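K.L.:
Just dropping this structure here.
The values are calculated or read from the model by the stated rules, or taken from the named source; none is laboratory data. None of these values were measured; they are calculated from a predicted model. Quick reminder, even Gly has a Cβ in these numbers, built from the backbone with ideal geometry, and neighbours come from all protein chains shown.
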Amino acid sequence: MEGVWIIKKAFFIIFVFIIFSNVLGCRYAEETNSNNKKYMAANGWSILYPSTWDRVEDSFIQETSTGQIIQFSSERKELLDLFDWIDNDIEIKLSSKEASNSLFEPVRVDKLNDITIYEYTVQSDKDGITRLLKTTIFYDGNMMYEFYGALPDIEGEIYEAIINSFKLEQ
């Protein structure tokens, strides 16, 4: 009788875990090899990230021992709204009172199959520390997939490797 109770409890825990992972927008971080894990978003995109990164949330992945982090979000956007959003994001970063910010790399546009990629970088100087605030947006005509990282908090090569692994799985 106790064995049946344990099995029911195990199924309940698994069920709750699956529900929470879908509600939070993250399906799971699955191991792809010894160096990378795969993050699958509920709305059909994925990225690969270093297997040493140990904190996976619905809006970021982080290596807690070093503080390296990449943040992300996605939302439905019309093209004109996307242009306004990019202009607004840059303006907010440049008008920050917390740091001296300047546009380091203006918006660069690339095309990869049916996806348009918008990238820009803001240089932020605060308390003698310079960071590059990198933003990369993938746009498929309906959805905007935004990624953000601050270098050197995240190493440039790692940021680029994660960004270059972006894939729409749908």
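K.L.:
Which one of these is free of Cβ contacts under 8 Å to residues at least 60 places away in the same chain, outside any loop (DSSP other than H, G, I, E, B) and farther than 27 Å from Gly44 by Cα: Thr121, Thr130, Thr136?
P.N.:
Matching residue, one of Thr121, Thr130, Thr136: Thr130.
K.L.:
Go through the residues of the stretch 115-126 one by one and say whether even a single one is among the charged types (D, E, K, R), modelled with pLDDT of 95 or more and in contact with a strand residue (DSSP E or B) (Cβ under 6 Å, 6 or more places away or on another chain).
P.N.:
Yes, that holds for at least one residue.
K.L.:
Let me ask something else about it. Can you find a residue in the stretch 88-111 that is in a helix (DSSP H, G or I), touching a residue at least 40 places away in the same chain (Cβ under 8 Å) and surrounded by 12 or more Cβ atoms within 10 Å (Cβ to Cβ)?
P.N.:
Checked the stretch 88-111: at least one residue is in a helix (DSSP H, G or I), touching a residue at least 40 places away in the same chain (Cβ under 8 Å) and surrounded by 12 or more Cβ atoms within 10 Å (Cβ to Cβ).
K.L.:
Quick one: Gly141 ticks every box in (1) on the phi < 0 side of the Ramachandran plot; (2) out of contact with any strand residue (DSSP E or B) (no Cβ under 6 Å at 6 or more places or on another chain) bar one, so which box is it?
P.N.:
Result: Gly141 fails condition (1) only.
K.L.:
Restricted to the stretch 125-159, and to residues that are out of contact with any helix residue (DSSP H, G or I) (no Cβ under 8 Å at 6 or more places or on another chain) and of a type in the set (Lys, Arg), which residue is nearest to Phe72 (Cα to Cα)?
P.N.:
Out of the qualifying residues, it is Arg131.
K.L.:
Between residues in the stretch 70-81 that are part of a loop (DSSP other than H, G, I, E, B) and residues that are exposed (fewer than 12 other Cβ atoms within 10 Å of the Cβ), which pairs lie under 8 Å by C-beta distance while being six or more apart or on different chains?
P.N.:
Qualifying pairs under 8 Å: Lys77/Asn142.
K.L.:
Right, something else. Provide a single number: the residues in the stretch 46-75 that are out of contact with any Lys or Arg (no Cβ under 7 Å at 6 or more places or on another chain) and under 18 Å from Ile117 (Cβ atoms).
P.N.:
7
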